[in-house]
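See structure below.
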Amino acid sequence: MNPNAKYGPLRHQQKCSLLNGSEYIFGNSLKGNKGSGKQVVFYPKSPEITVRGKDYISAYYAQNGFDLSQLVERVEVRLSSRYLSKFLVSITDLNDIQALGNIFRVAVGDTFTFRVLGKYYYDANRNRKSETVTLLEFADFSNESLVRRPQCIQDDTSDWRNRAEAKNAVLRFVARGNAQDWAQLVHISQEVRAPDEWSWKALFMLYALDYQGAPTPERKARIEMFR
């Protein structure tokens, strides 16, 4: 343990490895039973550009206002299908700059947020909390969240589970109008077999009409979207 350390992991199980003295790897292995399918890597890019003669990278950096007399560092996200399969991500998204930026930001998450060692505060319930600091932010990226893939399965015995997943998404959408819930419903209607003797459209309308929350004008309008 470094006696001069200023920061600690935000979560105690958070793993960070140092490779070759300069490459920080956050996360477990990409593959295997213990792998999360995601690694975030922070390392200096300048030596690689020089050693491997990647002049095209230098040209790109120069065109985008980088000071090449300074050390250029890179944040790299490595994702496997295991991680991406948790979200509604398509091949088209992997060829879209804005979508890739969104995937990058969500994958990075709070990787660069740490506990400040020895500094605490007390919340309203007098619980002691560690102060935190974010060392690297990505404010230029979209704040849009990735839509999680619904846990629906194509099996005759799973109708109750698929219906529960759909009903929860409908009620959340009516209550808050979240685009993620609407995208989840589109996915269910297009990709998941409807229960016997039902259509998803009919079930969605039934669930929307069953909404028990306060009938605000916005919620009434969202209920009408299912008719």
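Listed values, structure above:
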read-out	value
Packing-based ranking, highest mean first, of 202-213, 64-75, 117-128 given that Cβ atoms within 10 Å are counted	202-213, 64-75, 117-128
Neighbour net charge for L10 - beta-carbon separation under 10 angstrom, K R +1, D E -1	+1
3J(HN,Hα) from dihedral phi, segment 206-213, Karplus parametrisation 6.51/-1.76/1.60, rounded to Hz, x for glycine, proline	4, 5, 5, 5, 8, 4, 9, x
Ellipticity estimate at 222 nm from DSSP helix runs (n ≥ 4, -39,500 (n - 2.57)) divided over the chain, nearest 500	-10500 deg cm²/dmol
Per DSSP, loop GluC sites (Glu not before Pro) in segment 156-197 with at most 15 further Cβ within 10 Å	E197
Length gained when the stretch F138-Y24 is fully extended (0.36 nm per residue, less Cα-Cα span)	39.2 nm
Per-residue ³J(HN,Hα) for segment 124-140, Karplus 6.51 cos²θ - 1.76 cosθ + 1.60, θ = phi - 60°, Hz, x for Gly and Pro	4, 9, 6, 8, 7, 10, 7, 5, 10, 9, 9, 7, 8, 10, 10, 5, 7
Given K38/K119; K15/K38; K167/K201, the pairs whose alpha carbons are separated by over 22 Å	K38/K119
In nm, spacing of pseudo-spin labels at M225 and D67 (7 Å Cα→C-beta vector)	4.7
Cβ-based net charge around A99, under 13 Å, with every Lys or Arg adding one and every Asp or Glu removing one	-2
5 angstrom amide H check on T132, placed H, neighbours 5+ away	V116
Whole-Hz ³J(HN,Hα) from phi, Karplus 6.51 cos²θ - 1.76 cosθ + 1.60, for segment 193-205, glycine and proline x	5, 6, x, 3, 6, 10, 10, 5, 4, 5, 5, 4, 5
Nonlocal amide H pairs with N28, under 5 Å, H built at 1.01 Å	S36
Charge sum, other residues only, whose C-beta stays under 11 Å from L84's C-beta, Lys/Arg counted +1 and Asp/Glu -1	+3
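Only the coordinates and a few stated rules stand behind these numbers; no lab work does. Predicted model, so just to flag it, every value in this text is computed and none were measured. Here Cβ is always computed from backbone atoms with ideal geometry, including for glycine, and neighbour counts include all displayed protein chains.
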